[in-house]
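These notes concern the structure reproduced below.
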Amino acid sequence: MIQGFNSIFTEEQITGAKKLYASLSANQRLWMSGYLAGLNGSGSLLEDLPLNGTSQPMVAEVEQIHLTILYGTHTGNSKILAEQTKELAQSYGIEVGLTSLQEYKVRKLKEETNLLVIVSTHGEGDPPVSAEEFYAYIFGKKAPQSSHLNFAVIGLGDSSYAKFCQTGKDIYQQLNVLGAKAVHEMIELDVDYKDSIAAVLPALVAKFGAKLNGNASVPTVLLQTAVSVDEWVEAEVLEKILLNGTGSAKETYHIELDIEGSGLQYLPGDALEVMAKNSPGLVKEVLAKLNIDQNNSVKLGDATLTIEEALISKFELTVVTNPVIKKYAEKAGNKQLDELIADDPKLQEYLYGADFLDVINDFPTPLDADALVSLLRKLPTRLYSISSSYAYNPDEVHVTVGAVRYQRNNREHHGVCSGYLADTINEGDTILVRVKSNVSFKLPTDNDVRIVMVGPGTGIAPFRSFLQEREALDAGGKNWLFFGDQHFETDFLYQTELLAYRKNGVVDKLDVAFSRDQHEKVYVQDRMRESGEELYNWLNEGAHFYVCGDMKRMAKDVKDTLLQIIKKYGNLSDEQAQEYFKNLKSTGRFQEDVY
């Protein structure tokens, strides 16, 4: 804690300081803060102040530095980090403008002098929707030469993906190509970035702030406030229901959690962040393979845990990232592993679906408990789209979880959080959760606006929330849902609820596609094409369009189909259809939550 103000200064000093501060202009306050910081215990402030009653100015005017911070986000992390950076920079005397990349007028780039871009990477190296226009602009023919521009880039990503922080890397490299000057090397933040950002962020801000007063240090108090901490809530499992019927190839759970009195609130479209744990069975196998006693202790910060406790709750085992296997290779000294790492396509193929037990089985090397934890990435939390409405039931929050299971090396592998919820957690147990706002996936503010929802499989989750919300608010806007899965008999998730919604008018149109109930596979995009003209009419009447689910195939196919529909029924050229679709996105009328 910082020592109390009143315990350091006398009342007379405090009164005098307040009077002085109130009399200063913005530039004078700025200069004074830099001057005091610059003294840092050497020299005397009084030596340079004109206390003899002369009319000379008390301080020198300084040039105001303006920093533009742009953020591009999918889950909201980049926005939060941008807001923290703004507060930090302002405390350092920098004038800050903060804007979403989606709202930023790209032609203003030629006018900027100091720019910080904070951007996440979506999926396999793609920019988030909010950053697409800026990304395309700087790589396009109209991008300005920017030799006048000082910049920095913070990339957020997940190192379990091969193209970690790729969007940030691309923007950093392209701004260099355009002639801009980087004030700091590219900063890459993994999912556990909150552990390091308190040191990284002030160092970056200081690079811009140093131009203001010649001092590259940041007051300690700013280091302590650079990162906010969200509270976790312990929620009891009220119900856990398997949604798939007997014989299904899928395993999907509906889980209801008690949040009464917790203070937890959420909006339709938000996600629930879950603190997962590794399977005790997997942990025992890893320790047995390495011949490490489960009771050996390891020190993690100020805490001391057994290695078994640490592996269950603190470190990632079910996913092996590039940094982890490269650190492991340094210890292993295995020629075959070194050759694999040197061939990136083969490395990515190997890592896809591999867990840490696969690595130590395939490339064994001795490790003790401390060496083991030094290699591993901290266990990230997992996000699930909330499938309930707070307005409909404020005492509960629901999620829809598809259990991830697959065979590799003659043993079953599973997703860490879906496995935890499917295999370990039962009714009456508690789990740690918190809400993750999703600002880019929200219902229209006007309840009379029509919406179209495309959500096959577990993609139905946020749309269950949307429909509950609209029922609770007695919204007048029409609702059209496209749902798909493998089989009608076993995989029609929330069938009873959806059919009841259609009967009572909450759902105006319900189109379903069960791909494996006939010889020719049928998907949600096929149902869209069948109703293409009506769908286009809905869009022309102001409908909002939402898609949730698989990013690699479904979401891409849905967007391509929507473009075809717009082109055909709008009698538009390819370029005109693209412009129509671009306008849908820029006005928030096309939104996606894909994974």
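Coordinate-derived values only; no laboratory data. All figures in this text were calculated on a predicted structure; none of them were measured in a lab. As a convention, Cβ positions derive from the backbone with ideal geometry for all residues, glycine included, and neighbour counts pool all protein chains shown.
Modelled spin labels at ASN426 and LYS326, positioned 7 Å past Cα toward Cβ, are 4.5 nm from each other.
Peptides 534-543, 151-160, 474-483, ordered by how many other C-beta atoms sit within 10 Å of their residues on average, highest first, read 151-160, 474-483, 534-543. Computed from the coordinates I sent, mean projected area of the Cα convex hull in nm² equals one of (1) 34.4; (2) 52.9; (3) 38.7. Tell me the label. Step by step, mean projected area of the Cα convex hull in nm² for this structure corresponds to label (1). Rounded to the nearest 10 degrees, the angle from helix 166-177 to the longest Cα principal axis of the chain is 50 degrees. Working from Cα pairs under 8 Å separated by at least six residues, relative contact order for the chain is 12 percent. In this structure, the pairs whose alpha-carbon distance is over 18 Å, taken from LYS163/LYS326; LYS299/LYS378; LYS559/LYS585; LYS108/LYS163; LYS284/LYS327, are LYS108/LYS163; LYS284/LYS327.
Sorted largest first, the spans of the alpha carbon positions of the range 301-381 along the three principal axes are 39, 27, 19 Å.
Of the peptides 386-397, 237-248, the order by per-residue mean of other Cβ atoms within 10 Å, starting with the highest, comes out as 386-397, 237-248.
Backbone amide hydrogens, once placed in the peptide plane, bring GLY72 within less than 5 Å of LEU101, ILE118, VAL119, SER120, excluding anything fewer than 5 places away on its chain.
Taking the longest Cα principal axis of the chain as reference, the axis of helix 280-290 is set at about 70 degrees. The distance from the alpha carbon centre of the range 442-457 to that of the range 269-324 is 40 Å, rounded to a whole number. Quick one: go through the range 117-140 and flag any residue whose amide nitrogen is under 16 Å from the point 7 Å out along the Cα-to-Cβ line of GLN174. Counting backbone N atoms under 16 Å from the label point, the list is 117-122, 125-140.
Work out how much length SER313 to ASN447 would gain on full extension: take 0.36 nm times their residue separation and subtract the Cα-Cα distance, in nm to one decimal. Don't jump to the answer; show the numbers that get you there.
Values: separation 134, 0.36 × 134 = 48.24 nm, distance 4.27 nm.
Taking 0.36 nm per residue and subtracting the Cα distance, the gain is 44.0 nm.
Sorting ILE292, ILE118 by the number of Cβ atoms found within 10 Å of their own Cβ, with the fewest placed first, yields ILE292, ILE118.
Between the amide H of ARG408 and those of HIS413, distances stay under 5 Å, these residues lying 5 or more places away or on another chain, with hydrogens modeled in the peptide plane.
Relative contact order of the range 241-324: 20 percent, from C-alpha pairs under 8 Å at least 6 residues apart in sequence.
Residue ranges 463-472, 250-259, 580-589 sort as 463-472, 250-259, 580-589 when ordered by packing (mean number of other C-beta atoms within 10 Å per residue, highest first).
Using r as the Cβ-Cβ distance of SER196 and THR304, and R0 as 30 Å, what FRET efficiency do you calculate, to the nearest 0.05? Before the final figure, lay out each step's value.
On the way: r = 22 Å, r/R0 = 0.74.
According to the calculation, E is roughly 0.85.
Axis angle, to the nearest 10 degrees, between helix 556-569 and the longest C-alpha principal axis of the chain: 80 degrees. Using the Cβ of PRO128 as centre and a radius below 12 Å, the other residues enclosed give a net charge of -3, where K and R count +1 and D and E count -1.
Modelled spin labels at ASN295 and LYS181, positioned 7 Å past Cα toward Cβ, are 6.3 nm from each other.
Expected output is a single nm value to one decimal: the length gained when fully extending between GLU83 and LYS207, i.e. 0.36 nm times separation in residues minus the C-alpha distance. What is it? Let's see the in-between values first.
Values: separation 124, 0.36 × 124 = 44.64 nm, distance 1.79 nm.
Net length gain for the segment: 42.8 nm.
Rounded to the nearest 0.05, what FRET efficiency do ARG553 and GLU251 have when you use their Cβ-Cβ distance and R0 = 22 Å?
On the way: r = 20 Å, r/R0 = 0.93.
The value I calculate is 0.60.
Extension gain, SER147-GLN576: 0.36 nm per intervening residue step, less the Cα-Cα distance, totals 151.0 nm.
Scale the Cα Rg of the range 66-225 by the rule-of-thumb value 2.2 N^0.38 Å and send over the ratio, two decimals. The partial results should precede the final answer.
Details: Rg = 14.7 Å, N = 160, 2.2 N^0.38 = 15.1 Å.
Here the answer is 0.97, to two decimals.
With both labels modelled 7 Å from their Cα along Cα-to-Cβ, the LYS503 to GLU520 distance reads 3.2 nm. The phi-based Karplus calculation (6.51 cos²θ - 1.76 cosθ + 1.60; θ = phi - 60°) puts the 3J(HN,Hα) values of the range 343-355 at 10, 4, x, 5, 4, 5, 5, 5, 5, 5, x, 7, 10 Hz, whole numbers, x for Gly and Pro. The simple Förster model, with R0 at 56 Å and r as the Cβ-Cβ distance, assigns SER437 and ASP368 a FRET efficiency of 0.85.
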